[in-house]
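The values are calculated or read from the model by the stated rules, or taken from the named source; none is laboratory data. Quick caveat, the model's predicted, so the values are computed rather than measured. In this analysis, Cβ positions are derived from the backbone assuming ideal geometry, glycine residues included, and neighbour counts consider all displayed protein chains. Ligands, DNA and RNA are stripped out before the accessible areas are found, and what is left, the full protein with its side chains, is counted by its heavy atoms. Shrake-Rupley method; radii C 1.70, N 1.55, O 1.52, S 1.80 Å.
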Amino acid sequence: WILARPLSGHTETFSYYVMEVSKGGGSKNPDRDERIESIIFVVEGNLLLKVNGADYQLKEGSYVFIPPGKKWEIVNLEQSNAKFHWVRKVFEKEVSLSVPEFFVINEKSVLDLEMPNDKDWKTKRFVDPSDLRHDMHLNIVSFEPGSSIPFPETHVMEHAIYIIQGKGRYYLNGNWVDVEAGDFMSLRAFCPQACIATGDEAFRYLLYKNVNRHIRL
């Protein structure tokens with residue numbers, strides 16, 4: 001499924017896919033564009049990732065960063081289907097910094113960091129915000145039931161939001177919208193936003209944003 005792609009009035013910096021792979025499915029050359037960096041986040045099943053001759057087992061919660069120019073393969077060796085999110089972006093290299101390296105990690109190994117003065121609003125960051133080599137982030141934001149972003153906020157970057165657990169109400173440019181697991185939102189720069197977790201379980205979502213670069217003109 002293609003949920004977002006560069007299109008006038010929609011997104012400018014990224015494409016966002018949800019991939020479902022059946023037994024034996026996959027690709028030996030999933031991206032031929034050597035300008036592209038990718039993030040993969042597995043939400044279901046087990047996959048085998050091959051990078052530079054090395055094998056990596058991916059399961060639910062696996063997060064992968066693939067830098068531009070890196071050759072990779074992916075295949076589903078299990079009986080059941082596998083599903084992963086795939087964010088693609090043209091990498092914008094900062095001339096004074098190196099290209100960030102490939103890595104694989106599972107979300108279970110990454111701590112949730114509490115937001116200032118609110119222990120029920122947390123962010124799981126897979127990349128250190130101070131690492132300026134990266135020009136995009138995909139984080140997991142979570143709220144305990146009843147917790148919220150208590151004020152409308154705006155950002156200079158684009159956002160993509162995919163709800164992976166729970167229910168909430170999201171404030172988008174003047175309107176409150178009910179959302180739940182499986183819903184996707186694309187927010188242009190400066191879109192006022194806020195939210196509140198309305199269900200009886202944690203409200204969690206994947207959050208994309210482009211970061212650390214001058215505005216392209």
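If exposed means no more than 12 neighbouring beta carbons inside 10 Å and the site is in a DSSP loop, what's the longest run of the chain without any exposed chymotrypsin sites (Phe, Trp or Tyr not before Pro)? All intermediate terms of the calculation are to be shown ahead of the outcome.
Working: sites that count: 1, 190.
By the stated rule (loop sites, at most 12 other Cβ atoms within 10 Å), 2-189.
Would you mind checking the pairs 93/209; 89/209; 59/89; 59/124; 83/108 and listing those with alpha carbons more than 20 angstrom apart?
59/89
Kindly provide log₁₀ I(q)/I(0) values, in the same order as q = 0.11, 0.13, 0.19, 0.22 Å⁻¹, from the Debye equation applied to equal alpha-carbon scatterers of segment 26-162.
Ignoring solvent entirely, the Cα scatterers give -0.48, -0.66, -1.22, -1.46.
What whole-number value in Å² describes the accessible area per residue of the chain for a 1.4 Å probe?
About 53 Å² of surface per residue is accessible.
Rounded to whole Å and sorted largest first, list the principal axis extents of the Cα atoms in segment 87-217.
Principal extents (Cα only, largest first): 46, 36, 29 Å.
How would segment 53-127 be classified by its alpha-carbon gyration tensor: rounded, prolate or oblate, with rounded meaning a/c under 1.5 and the a/b versus b/c comparison settling the rest?
Oblate.
Could you give the longest part of the chain that holds none of the trypsin sites (Lys or Arg not before Pro) found in DSSP loops with at most 10 neighbouring Cβ atoms within 10 Å?
33-215
Among the GluC sites (Glu not before Pro) within segment 138-202, which fall in a DSSP loop and have no more than 13 other Cβ atoms within 10 Å of their own Cβ? Display every interim value, and only then the final one.
Values: sites: 153, 158, 180, 201; in loops: 158, 201.
Taking segment 138-202 and a limit of 13 other Cβ atoms within 10 Å, the loop GluC sites (Glu not before Pro) found are 201.
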